[in-house]
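Laboratory data are not the source of any read-out in this text; all were calculated from the coordinates shown. Predicted model, so just to flag it, every value in this text is computed and none were measured. Here Cβ is always computed from backbone atoms with ideal geometry, including for glycine, and neighbour counts include all displayed protein chains.
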Amino acid sequence: MTVQDLPKRLFTLTEAAHVLSMGRTRLFAEIRTGRLATVGTGKNRRVTADAIDAYINLLKTEVDAA
């Protein structure tokens, strides 16, 4: 198995916004409020695949509660 065979685990903020079908402004708002977690890699921020999954589950929970 090579690195190219592994699934992508870290996403730039632009990539995460695309995966979540939202604009960067909304993505930044979700990060600011703590609803979407990020990790630091030097001076850059990344969104983990697990954080994206957790955010989607949060949205599902909110819909179910409504």
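Among the residues making up region 1-30, those that are in contact with a helix residue (DSSP H, G or I) (Cβ under 8 Å, 6 or more places away or on another chain) and over 15 Å from residue 56 (Cβ atoms) are 7, 8, 9, 10, 13, 14, 23, 24, 28. Scanning region 28-66 for residues that are in a helix (DSSP H, G or I) and small (Gly, Ala, Ser) gives 29, 49, 51, 54, 65.
Can you name the residue in region 37-66 that is surrounded by fewer than 10 Cβ atoms within 10 Å (Cβ to Cβ) and of a type in the set (Gly, Ala, Ser) and, of all such residues, is nearest to the chain's Cα centre (by Cα)? Per the stated criteria, the residue is 40. All told, residue 25 falls short of being in a helix (DSSP H, G or I), surrounded by 10 or more Cβ atoms within 10 Å (Cβ to Cβ) and either in contact with a Ser or Thr (Cβ under 7 Å, 6 or more places away or on another chain) or of a type in the set (Val, Ile, Thr) (or both).
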